[in-house]
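**Q** Got a structure for you, questions after.
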Amino acid sequence: MKHVLRPMQAADVPEILRLQAAAYATAAFEPESAAVYLNRMALAPDLCWVAADPQGGLLGYLLSHPWHAGKPPALDTVLAALPRPAAHWYLHDCAVDARARGGGVAAALYEAAHDAAVCRGLRASALVAVGQAAAYWGQRGYLPVDAHHALDSYGEGARYMTRALG
């Protein structure tokens, strides 16, 4: 499916919440609030992206920001500030509309944010894979590491994964 990438905007939040609800309908955690998306956009606008169809409807989003290694922020938490210095790029959330899955939307979103993270000088990446997402991220070079103490809000089976950036 044809898509256009662009930085995430506050006006996108209602559609992002719709995509989030669909993507995590069976998840063991509650959906995050609009405040989380607005917060990350304010803190790291260059690392938050959406993919839109030619009519402007959202096909997917990727929310990310610099963060600490090994300690993902709890879900539905508004951050007061980003750590300084930060060497890790944290992929907070990525979801793609069902009609666009398999069309390269997630990969395109990832590449846009990855390039911005590298430009910022971030040297490693981390994420928490939920549901069946660990296989997807594993194909992109992410490896699971022990961080069980920090994953309580992500539900059972969540996996903390990292990779070097380059």
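**Q** Which pairs turn up if I take residues in the range 147-162 that are within 13 Å of G131 (Cα to Cα) and look for partners that are part of a helix (DSSP H, G or I) and at pLDDT 80 or above with beta carbon separation below 7 Å, at least 6 apart in sequence or on another chain?
**A** Once the first residue is within 13 Å of G131 (Cα to Cα) and sits in the range 147-162, its partners that are part of a helix (DSSP H, G or I) and at pLDDT 80 or above give R159/A134.
**Q** Something else about it: Tell me, which residue of the range 10-67 that is open to solvent by 20 Å² or more (accessible area, probe 1.4 Å), assigned to a helix (DSSP H, G or I) and among the acidic types (D, E) is nearest to R84 (Cα to Cα)?
**A** Out of the qualifying residues, it is D46.
**Q** Just one of L58, L38 is over 22 Å from Y160 (Cβ atoms) and within 14 Å of the chain's Cα centre (by Cα); which is it?
**A** L38
**Q** Are any residues in the range 1-22 of a type in the set (A, V, I, L, M, F, W, C) and over 16 Å from W49 (Cβ atoms), and if so, which ones?
**A** Listed by number, the residues that qualify are M1, L17, A21, A22.
**Q** Between residues in the range 67-95 that are over 19 Å from M41 (Cβ atoms) and residues that are among the basic types (K, R) and part of a loop (DSSP other than H, G, I, E, B), which pairs lie under 7 Å by C-beta distance while being six or more apart or on different chains?
**A** Matching pairs, first to second residue: A87/R123.
The values are calculated or read from the model by the stated rules, or taken from the named source; none is laboratory data. These numbers come from a predicted model, not from an experiment. Note that each Cβ is placed from the backbone with ideal geometry, even for glycine, and that neighbours are counted across all protein chains shown. With ligands, DNA and RNA removed, areas are computed over all heavy atoms of the protein, side chains included. Shrake-Rupley method; radii C 1.70, N 1.55, O 1.52, S 1.80 Å.
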